[in-house]
Amino acid sequence: MERIEVNGKQYTIVKLLGKGKGGYSYLALDGDKEVVVKQIHHEPCDYYSFGNKLEAEINDYKKLLNIGIPMPKMLDVDIEHERIVKEYIDGPTVYEMVLNDFSVSHCIEQVKQMCGLLYEKNTNIDYFPTNFVLQDDTLYYIDYECNDYMPQWNFENWGIKYWSKTHAFLTYVKEHK
C-alpha cells in the first residue's frame, strides 16, 4: 500500500476521498486509526484565486473553531511538504444523501444554525454538499475554507441550490460522472 509522510510520521493511504480547489484528501491509517491527509496542490482554478493555501487552511481552521462550527480536528501540519492531517468524520456527505434520495431536512436545519454563527462573524463557508458529513445526527463541515460574507455566496442564495435535486445539482452530477 502507498504511504505518505507528515513530519516524519508514516501514514498508509487507503483511498482518495476527493480533490478540491486546494488539495487532494486521502483516507489514511495512523496505525489502525482512520485520519484524513490533505496534500495541498497548486493546480489552477479558474473561478477562485489563492494566496498561500496552507496558511489559509490553518487560519480558516482557527477562525471556524473560534466561531464554533462542527468540523474535524486539525491533528498535524507539515509546512515543508504542504500536508495537513485531520480527524476523519465517517458518514455520508449531504451530496451522497441527495443523490440517493435521502432526506436532508435535518441537515438543512443544522447548516442554518451554522449560518447564524457565521453571518454574525461576517463569514461564509463553502456550502457545496460534498463539504458536509452527517455522523451520529451531527452535521460536520469537513472543509476549512471560509471567506468574508457576501450575500451571493451565502447558503440561502447559493448553497441551497445543491441541497436537493435541482437543475444545478443534476447538472453538476452529469458533468462530474
Looking at region 141-153, can you tell me whether even one residue there is surrounded by fewer than 14 Cβ atoms within 10 Å (Cβ to Cβ), of a type in the set (Asp, Glu), free of Cβ contacts under 8 Å to residues at least 40 places away in the same chain and more than 26 Å from GLU55 (Cβ to Cβ)? no
When (1) farther than 30 Å from ASN7 by Cα; (2) in contact (Cβ under 8 Å) with a residue 40 or more places away in the chain are applied to ASN157, the one that fails is (2)
Scope region 115-153; condition outside any strand (DSSP E or B), touching a Leu at 6+ places or on another chain (Cβ under 8 Å) and of a type in the set (A, V, I, L, M, F, W, C); matching residues: none
Just one of ASP46, ASP78 is at pLDDT 95 or above and either acidic (Asp, Glu) or assigned by TED's automatic domain parsing to the domain that holds GLY116 (or both); which is it? ASP78
Scan (1) surrounded by 11 or more Cβ atoms within 10 Å (Cβ to Cβ); (2) at pLDDT below 95 for the single condition MET1 breaks and write down its number. (1)
Pairs, first of a type in the set (Phe, Trp, Tyr) in region 95-109, second surrounded by fewer than 19 Cβ atoms within 10 Å (Cβ to Cβ) and in a helix (DSSP H, G or I), C-beta under 6 Å, six or more apart: TYR95/THR130
Condition first: surrounded by 13 or more Cβ atoms within 10 Å (Cβ to Cβ), in contact with a Ser or Thr (Cβ under 7 Å, 6 or more places away or on another chain), at pLDDT 95 or above and outside any helix (DSSP H, G or I). Can you find one or more residues in region 161-176 that meet it? no
Considering residues of region 125-139 that are in contact with a Phe, Trp or Tyr (Cβ under 8 Å, 6 or more places away or on another chain) and of a type in the set (S, T, N, Q) only, the residue surrounded by the fewest Cβ atoms within 10 Å (Cβ to Cβ): THR130
Note: among MET97, MET71, just one is of a type outside the set (D, E, K, R), in contact with a Cys (Cβ under 9 Å, 6 or more places away or on another chain) and buried (at least 19 other Cβ atoms within 10 Å of the Cβ), namely MET97
Checked GLU82, GLU87 against criteria (in contact with a His (Cβ under 9 Å, 6 or more places away or on another chain), without any contact (Cβ under 8 Å) to a residue 60 or more places away in the chain, of a type outside the set (Phe, Trp, Tyr) and under 30 Å from ASN7 (Cβ atoms)); the one match is GLU82
Being in contact with a Lys or Arg (Cβ under 6 Å, 6 or more places away or on another chain), at negative phi and modelled with pLDDT of 95 or more, is that true of even one residue in region 7-23? yes
Candidates TYR61, TYR95, filtered to the one that is of a type in the set (Phe, Trp, Tyr), at pLDDT 95 or above and in contact with a Phe, Trp or Tyr (Cβ under 7 Å, 6 or more places away or on another chain): TYR61
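The values are calculated or read from the model by the stated rules, or taken from the named source; none is laboratory data. Note that this is a predicted model, so its numbers are computed, not measured. So basically every Cβ, Gly included, is an ideal-geometry build from the backbone, and we count neighbours across all protein chains shown.
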